[in-house]
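Beneath this line is the structure, given in structure tokens, with notes to follow.
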Amino acid sequence: NPTSQDIRWSVAASPTLREDVEAALNTDRTKGEIVKGEKRVVFCRTPEALKSVGLKDADVYSKAYVLRKVKKEHGVTADQIVGVPELLASPAAIFDDYGKGYVVLTTAQTPDEDGVLAPLAIIIRPDEEGNYIASAYSRKEASEAKYVGFVRDGKVLYLDKNKVTDLTLRGEAQSSLSTFSIGDDVVTPERITAGSIAKSAADGNGMRLSIG
């Protein structure tokens, strides 16, 4: 039987992704300033791991001003932005962000405001155009409180324990995820690969998958 260490999915990135990201970032515009007429940046279609927790099969996209903001304010590098399709295809964890969308915890490590490596989280808000990346961050102060709360409040939708073990979350956040007891309602890479997930009723955005 495969372990999640063996399981790594890929997804086809938009063929113009690097060019589009560079065009968004290489500008005189400040931080998150909105520029009229800038096209959206499409990363990929929805990867299997995200579809397994209810995201619709659609474009995963963001806006140029958002990419500028996460690079200039949140310490996310240009290469990490270009690598978003791969990060989303094999995440460490996916959380229900209290009905506002999803938080995808990835294996990318980027320096926080203190220069310490921290896992990169990607915020997705599904809308009429697709699955919108509204932000990304690595700041540990934000992540610690959020991840502990997600575990406490039953908001864990997907978990790859092998990837979580390799993260650099501090204190209670790391231990909460590492010791989390995976129930029947949580998707894992092994369950997707083994075909033990069946489609259930649509929730208006996509198909929430149930274990069975």
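The values are calculated or read from the model by the stated rules, or taken from the named source; none is laboratory data. Please read all numbers here as calculations on a predicted model, not as lab measurements. Neighbour counts are summed over all protein chains in view; Cβ atoms, including those assigned to glycine, are modelled from backbone coordinates with ideal geometry. Just so you know, the surface numbers come from the protein's heavy atoms only, side chains and all, with ligands and any DNA or RNA stripped out. Shrake-Rupley method; radii C 1.70, N 1.55, O 1.52, S 1.80 Å.
Here residue 77 clears all of (1) more than 21 Å from residue 165 (Cβ to Cβ); (2) at pLDDT below 90; (3) crowded, with 19+ Cβ neighbours inside 10 Å except the condition numbered (3).
Looking across the range 80-105, just one residue is charged (D, E, K, R) and either touching a Cys at 6+ places or on another chain (Cβ under 8 Å) or open to solvent by less than 20 Å² (accessible area, probe 1.4 Å) (or both), and that is 97.
Table: residues versus (1) at pLDDT 95 or above; (2) open to solvent by less than 30 Å² (accessible area, probe 1.4 Å); (3) aliphatic (A, V, I, L, M).
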position	(1), (2), (3)
121	no, yes, yes
128	yes, no, no
134	yes, no, yes
140	no, yes, no
156	yes, yes, yes
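For first residues located in the range 62-91 and on the phi > 0 side of the Ramachandran plot, partners that are among the β-branched types (Val, Ile, Thr) and open to solvent by less than 30 Å² (accessible area, probe 1.4 Å) and lie 6+ apart or on another chain with Cβ distances below 8 Å form the pairs 75/110.
Does residue 163 count as part of a helix (DSSP H, G or I), within 28 Å of residue 45 (Cα to Cα), of a type in the set (D, E, K, R) and at pLDDT below 90?
Numbers: part of a helix (DSSP H, G or I): yes; within 28 Å of residue 45 (Cα to Cα): yes; of a type in the set (D, E, K, R): yes; at pLDDT below 90: no.
The answer is no for residue 163.
Of the listed requirements (1) at pLDDT below 95; (2) closer than 26 Å to residue 152 by Cβ; (3) touching a Gly at 6+ places or on another chain (Cβ under 8 Å), residue 109 misses just one: (3).
Examine the range 194-207 for a residue that is in a loop (DSSP other than H, G, I, E, B) and either hydroxyl-bearing (Ser, Thr, Tyr) or at pLDDT 90 or above (or both), and state whether such a residue exists. Don't jump to the end; show me each part of the working.
Going residue by residue through the range 194-207, those that are in a loop (DSSP other than H, G, I, E, B) are 194-196, 203-206.
Checking the rest, the ones that are also either hydroxyl-bearing (Ser, Thr, Tyr) or at pLDDT 90 or above (or both) come to 196.
Within the range 194-207, one or more residues are in a loop (DSSP other than H, G, I, E, B) and either hydroxyl-bearing (Ser, Thr, Tyr) or at pLDDT 90 or above (or both).
Taking the criterion of being in contact with a Ser or Thr (Cβ under 9 Å, 6 or more places away or on another chain) and assigned to a loop (DSSP other than H, G, I, E, B), the residues of the range 85-105 that qualify are 90, 91, 92.
Residues in the range 38-67 that are touching a helix residue (DSSP H, G or I) at 6+ places or on another chain (Cβ under 7 Å), assigned to a helix (DSSP H, G or I) and surrounded by fewer than 22 Cβ atoms within 10 Å (Cβ to Cβ): 48 alone.
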